[in-house]
Amino acid sequence: MVEHWLNRPRLLIGAAVVLVVLSLVVELEFRTRFSQIGCAVLLVPLVVAAVPVLSVSLVFSGHGGREDRFVSPNRSNRVLSVTNVAFSIDPVYQVELETGSGWSARHWSLGTWNTRGGDFVRIDWSGPDQITVTGRHKLTVFDVHPDGSLSEPRVLPKQSDPGAES
């Protein structure tokens, strides 16, 4: 869980803001009366606004939704993670490729896919170094380079199933 938080800058930025506010409050006793009042006038709205934003951010962060993980058939250090990041009933999936392991793992974003428009039906490893995102009407194919980075996506029309009726 900590590793997930450290790979997402939102939590780090929030922690930095909290530490800056805390340092300003600690320094209040060494300032003049006028500067203490001015600092308090600026800090109160900031704190009032930050509490709901941070609580919503923590509740609806990436781990708020269901996460599926798919390990590459040829390399155990390459994992696809599919996380539901939607605030509603209709799922919206954030897809990432994680290469490596531990603190040195790299996260490569394949994008965010909406199920409502039919952009996302499923994702799978379609080859040793190839990922395919299947939608209702198109296929999006990513090649994985030897260093673990991703190629630009290729969008292909979906082949209709010969046995299926329209």
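Tabulated data
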| quantity | calculated |
| --- | --- |
| Residues (open to solvent by less than 20 Å² (accessible area, probe 1.4 Å) and either of a type in the set (A, V, I, L, M) or in contact (Cβ under 8 Å) with a residue 40 or more places away in the chain (or both)) located in the range 112-141 | Ile123, Ile131, Val133, Val141 |
| Filter pass, Leu24 being open to solvent by less than 80 Å² (accessible area, probe 1.4 Å), at pLDDT 75 or above and of a type outside the set (Asp, Glu) | no |
| Selection count, the range 27-36, where residues are modelled with pLDDT of 65 or more and exposed (fewer than 12 other Cβ atoms within 10 Å of the Cβ) | 3 |
| Residue in the range 152-165 that is open to solvent by less than 40 Å² (accessible area, probe 1.4 Å) and either of a type outside the set (Asp, Glu) or modelled with pLDDT of 90 or more (or both) present | no |
| Yes/no for Arg106 being in the same structural domain as Glu152 (by the TED database), under 14 Å from Lys138 (Cβ atoms), more than 10 Å from the chain's Cα centre (by Cα) and open to solvent by 60 Å² or more (accessible area, probe 1.4 Å) | no |
| Which numbered condition Ser61 fails, given (1) open to solvent by less than 30 Å² (accessible area, probe 1.4 Å); (2) at pLDDT 85 or above; (3) of a type in the set (Gly, Ala, Ser) | (2) |
| Count of the range 140-150 residues which are at pLDDT below 90 and over 19 Å from the mean Cα position of the chain (by Cα) | 2 |
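The values are calculated or read from the model by the stated rules, or taken from the named source; none is laboratory data. Since we're looking at a predicted model, the values are computed, not measured. Backbone-built Cβ (ideal geometry, glycine too); neighbour counts: all protein chains shown. Surface accessibility is based on the protein's heavy atoms, side chains included, excluding ligands, DNA and RNA. Shrake-Rupley method; radii C 1.70, N 1.55, O 1.52, S 1.80 Å.
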